[in-house]
Amino acid sequence: MSASRGGFSSRFGFIMAAAGSAVGLGNIWGFPTQTASNGGAAFVLVYLVLAFCLAYPAFMAELLIGRYGQANAVTSMQKMSRNLWQKRFAFIVGFSGIICASLILSFYGILAGWMMSYAIEPITSVLGYNQASSWLTSQSITRNLLFTALFMMLTISIIRRGVENGIEKWSKRLMPMLIGLLILLIIYVFTLDGSREGFAAYLNPDISRVFEPDLLINALGSAFFSLSLGTSVMVIYGSYISKKENLVTLGAQVTLIDVSIAFLAGLLIIPSMYVAQAQGVAIFGDDGSLISGPNLVFEVLPTLFNGMGAVGFFVGFCFFVLMSIAALTSSISMLEGPVSFVVERHNIERKKATTFIGFGIFIISTLIVLNFDLLFGFVISLSTVYGQPLIAMLCCVFVGWIWQRSDILAEIKQGNDEVEYGLFWKIWPWYTKFVCPSAIAIVFFHSL
């Protein structure tokens with residue numbers, strides 16, 4: 001590994017960084033909402049199965065591309081190519097992932113800004129600044145631009161420091177903090193009236209529902225996209241891993257942490273919904289559907305916190321700090337993708353590249369804020385509904401059909417000499433070649 005590129009100094013550092021990238025608002029905000037809308041515990045059960053049967057193999061494919069290439073997403077994929085058309089195809093797939101990560105960060109920064117403003121609101125309320133509290137929780141161009149800029153500045157400041165002193169250092173700080181806050185909030189919610197019913201709905205699956213087509217498709221999508229696949233992020237993180245590390249074990253550990261935190265988030269959000277319902281807040285419609293949907297975090301939970309009295313200010317503060325941390329651990333990985341490409345392909349100094357790219361993405365965020373109704377949903381759909389599944393599918397095609405099997409085995413054997421005799425090597429190559437692209441295609445066409 002080139003010293004100028006940097007790299008993760010420890011196994012723990014990589015696991016925290018990769019898990020931090022995977023664990024974001026999708027896990028803590030999106031997964032519980034999907035669970036509540038798709039059969040509760042039945043959805044959780046299917047999600048857990050598919051996370052290891054589908055997401056993990058695809059996740060391994062991206063990690064292997066990165067560690068083999070020891071470079072940004074485009075260069076790593078081109079090193080696997082043997083002729084001109086494969087190199088051009090590699091450029092399209094790798095660069096598309098970088099663009100996709102940039103687009104996701106452009107709207108992600110806006111959402112994260114909301115989380116930060118809601119985290120500050122309990123403090124202003126306690127201090128008696130009611131006008132400021134109202135401004136912090138009301139939609140306005142000024143608020144959105146200010147907090148988006150603040151969040152992007154935090155992201156840029158971490159990436160400017162590089163891999164070991166930036167991404168790894170802050171991931172090792174933020175991820176344990178996130179997990180600790182999550183567990184403390186779960187324990188507290190468990191003491192409130194109505195939480196028992198929520199835990200029962202979350203943990204007791206109705207087995208008859210697990211084969212419902214919509215539930216299967218939604219769980220498949222959640223399992224796949226929760227690991228930041230299709231954005232070049234795991235390719236670049238893979239390139240920073242030492243050749244001595246066992247990638248099969250590392251990938252399994254990151255996948256386990258990711259799904260565990262999504263599961264813990266459900267243990268917090270679903271019972272919280274039933275607590276709010278016990279306090280008179282309408283959660284479900286007459287047909288059993290979730291009323292608030294994606295706005296659950298901003299509509300239902302603040303009402304719940306307000307109903308807790310004085311302690312609700314502290315709980316609300318902790319919850320939105322938790323959401324802000326989850327957003328930050330993901331955003332730093334999204335910015336690293338385009339930064340690594342510019343630094344390595346165009347020989348631009350990291351700090352300069354990070355600042356200019358971060359500012360450029362903020363400009364896109366500003367355009368979205370100023371044309372919110374027109375662009376916000378469009379950018380989300382373009383990057384996550386269309387971009388991610390197509391790019392992730394092409395990465396699997398690249399590994400399964402273009403990368404030579406002997407080269408793949410040689411790469412995996414670095415750090416795991418006995419891998420070719422184990423279950424992983426007997427299943428993973430054909431699984432990535434046939435099953436993963438087919439399953440991703442199903443999710444994609446369903447989204448259309």
In segment 218-267, how many are polar (S, T, N, Q), more than 18 Å from Met175 (Cα to Cα) and over 15 Å from the mean Cα position of the chain (by Cα)?
5
Exactly one of (1) of a type outside the set (A, V, I, L, M, F, W, C); (2) surrounded by fewer than 18 Cβ atoms within 10 Å (Cβ to Cβ); (3) free of Cβ contacts under 8 Å to residues at least 24 places away in the same chain is unmet by Glu164. Its number?
(3)
Extreme residue, surrounded by the fewest Cβ atoms within 10 Å (Cβ to Cβ), among residues of segment 100-135 that are touching a Pro at 6+ places or on another chain (Cβ under 8 Å) and within 14 Å of Met334 (Cβ to Cβ):
Ser102
Does segment 198-219 contain at least one residue that is crowded, with 24+ Cβ neighbours inside 10 Å and of a type in the set (S, T, N, Q)?
no
What about Ala61, is it in contact with a Ser or Thr (Cβ under 8 Å, 6 or more places away or on another chain) and within 30 Å of Ile270 (Cα to Cα)?
no
Tally time: how many residues in segment 352-405 are within 20 Å of Arg143 (Cβ to Cβ), assigned to a helix (DSSP H, G or I) and more than 23 Å from the chain's Cα centre (by Cα)?
4
For segment 358-416 the number of residues that are at pLDDT 90 or above, under 15 Å from Leu103 (Cβ atoms) and of a type in the set (Phe, Trp, Tyr) is 3
Wholly within segment 7-77, which helices (runs of 4 or more DSSP H) include no fewer than the required count, namely at least 3 residues that are of a type in the set (S, T, N, Q) and touching a helix residue (DSSP H, G or I) at 6+ places or on another chain (Cβ under 9 Å)?
31-37
Keeping to segment 202-244, report how many residues are within 30 Å of Gln78 (Cβ to Cβ) and either in contact with a helix residue (DSSP H, G or I) (Cβ under 6 Å, 6 or more places away or on another chain) or of a type outside the set (D, E, K, R) (or both).
21
Hey, Ala410 hits all of (1) within 26 Å of Lys243 (Cα to Cα); (2) crowded, with 17+ Cβ neighbours inside 10 Å; (3) of a type in the set (A, V, I, L, M, F, W, C) but one; which does it fall short on?
(2)
May I ask you to list the residues in segment 413-448 that are surrounded by fewer than 19 Cβ atoms within 10 Å (Cβ to Cβ) and small (Gly, Ala, Ser)?
Gly415, Gly422, Ser438, Ala441, Ser447
Residues of segment 45-55 satisfying the condition of being in contact with a Ser or Thr (Cβ under 7 Å, 6 or more places away or on another chain) and surrounded by fewer than 24 Cβ atoms within 10 Å (Cβ to Cβ)
Phe52
Boolean, Val339 is out of contact with any His (no Cβ under 9 Å at 6 or more places or on another chain), modelled with pLDDT under 75 and surrounded by 15 or more Cβ atoms within 10 Å (Cβ to Cβ):
no
May I ask you to say which residue of Ala201, Ala223, Ala262, Ala278 is at pLDDT 80 or above and closer than 30 Å to Phe398 by Cβ?
Ala262
Could you grab the pairs with beta carbons closer than 9 Å, sequence gap of 6+ or different chains, first residue in segment 179-197 and under 14 Å from Leu264 (Cα atoms), second one aromatic (Phe, Trp, Tyr) and surrounded by 20 or more Cβ atoms within 10 Å (Cβ to Cβ)?
Leu181/Phe319; Leu185/Phe319
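The values are calculated or read from the model by the stated rules, or taken from the named source; none is laboratory data. The model shown is predicted, which means the values in this text are computed figures rather than measured ones. In this analysis, Cβ positions are derived from the backbone assuming ideal geometry, glycine residues included, and neighbour counts consider all displayed protein chains.
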